[in-house]
Amino acid sequence: MEKLNGKKKLAVSVFISGRGTNLKSLIEFSKKKNSPIKIVLIICNNKTAKGINYAKKNKIKFLIVSYKNKNKAENKILINLKKNKINLICLAGFMKILSKKIINIYKNRILNIHPSLLPKYKGLNTHKRVIKNNEKFTGCTVHLVNSKLDAGKIILQKKIKIYKKDNEYSLAKRVLKVENSIYQKAIKKFIETNL
Ligand code: GRF
């Protein structure tokens with residue numbers, strides 16, 4: 001681990017598939033004075049993902065991994081995580097499900113951000129389902145990843161009120177803004193309470 005002012009920094013790998021706003025926020029966090037993390041490697045399964053531009057702009061190493069063969073893809077990922085001495089994986093809009101192999105090797109070292117108040121609304125299309133069910137509140141959650149989808153221990157959650165005028169798009173926009181800020185806080189909390 002790299003040292004900063006006597007403190008150790010966690011070597012982080014962020015996994016993305018698309019837009020990358022959570023990645024952007026994590027990069028900003030890593031650049032803050034006394035940040036507990038250093039983003040060492042970005043993994044992306046989609047070569048046209050917009051988020052890769054944040055890696056390029058910030059000169060962070062990135063790896064595009066084709067998922068045509070999941071086993072091969074994961075082996076490549078594992079080799080690179082090891083090579084870069086990664087301590088913590090942050091999934092940020094990564095649209096592939098990790099196999100038990102990776103989850104076991106990085107047990108309690110993989111975080112994910114999900115746009116709902118877990119355990120409610122696991123899986124995809126959360127905002128659409130939340131609106132359809134006339135929920136009064138929604139939110140976002142940072143949680144540890146285990147072998148069940150969106151079901152690991154919750155690290156941090158933020159509740160957001162839903163207004164009558166909201167639709168899935170307005171909601172997605174508001175939730176995303178909050179996601180971008182809680183991921184940083186969740187990492188801090190995770191480090192303070194779990195490591
Ligand atoms: C976020 O809503 C995240 O919660 C979900 O996928 C989206 C990724 O957005 N898992 P971005 O790529 O970080 O902008």
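The values are calculated or read from the model by the stated rules, or taken from the named source; none is laboratory data. What you see is a predicted model, and the numbers here were worked out from it, not measured in a lab. Methodologically, a virtual Cβ is constructed for each residue, glycine included, from the backbone with ideal geometry; neighbour enumeration extends over all protein chains shown.
Quick notes on this one:
- Tally of residues being among the small types (Gly, Ala, Ser) and farther than 15 Å from His114 by Cβ across the range 154-180: 1
- With respect to (1) farther than 26 Å from Ser170 by Cα; (2) in the same structural domain as Gln157 (by TED's automatic domain parsing), the lone exception for Gly123 is condition (1).
- Taken over the range 161-195, the residue count meeting the criterion of being among the β-branched types (Val, Ile, Thr) and buried (at least 17 other Cβ atoms within 10 Å of the Cβ) is 4.
- Being of a type outside the set (S, T, N, Q) and not in a helix (DSSP H, G or I) is a property that Ile102 lacks.
- Scanning the range 111-125 for residues that are without any contact (Cβ under 8 Å) to a residue 40 or more places away in the chain and within 20 Å of Gly51 (Cβ to Cβ) returns His114, Leu124.
- On the stretch given as the range 131-144, residues that are surrounded by 16 or more Cβ atoms within 10 Å (Cβ to Cβ), assigned to a helix (DSSP H, G or I) and either under 21 Å from the mean Cα position of the chain (by Cα) or basic (Lys, Arg) (or both) total 0.
- Selection from the range 146-195 of residues that are farther than 16 Å from Ile89 by Cα, within 13 Å of the ligand (Cβ to nearest atom) and among the aromatic types (Phe, Trp, Tyr): Tyr169
- The criterion of at least 3 residues that are without any contact (Cβ under 8 Å) to a residue 40 or more places away in the chain and surrounded by 18 or more Cβ atoms within 10 Å (Cβ to Cβ) is met by the following strands (runs of 3 or more DSSP E) wholly inside the range 1-70: 37-44.
- Yes/no for Ala172 being under 16 Å from Ser25 (Cα atoms) and not assigned by TED's automatic domain parsing to the domain that holds Asn87: no
- Beta carbons closer than 7 Å, at least 6 apart along the sequence or on distinct chains, pair a first residue in the range 81-106 that is in the same structural domain as Lys24 (by TED's automatic domain parsing) with a second that is among the charged types (D, E, K, R) and buried (at least 17 other Cβ atoms within 10 Å of the Cβ) for Asn87/Arg109; Leu88/Arg109; Ile89/Arg109; Ser99/Glu74; Lys101/Glu74; Ile102/Glu74.
- Subset of the range 158-195 (residues that are without any contact (Cβ under 8 Å) to a residue 60 or more places away in the chain, touching a Ser or Thr at 6+ places or on another chain (Cβ under 7 Å) and assigned to a helix (DSSP H, G or I)): Leu171
- Residue in the range 84-96 that is part of a helix (DSSP H, G or I) and charged (D, E, K, R) present: no
- Of Leu63, Leu124, all but one fail to be among the aliphatic types (A, V, I, L, M), under 17 Å from Gly18 (Cα atoms) and more than 16 Å from the ligand (Cβ to nearest atom); the exception is Leu63.
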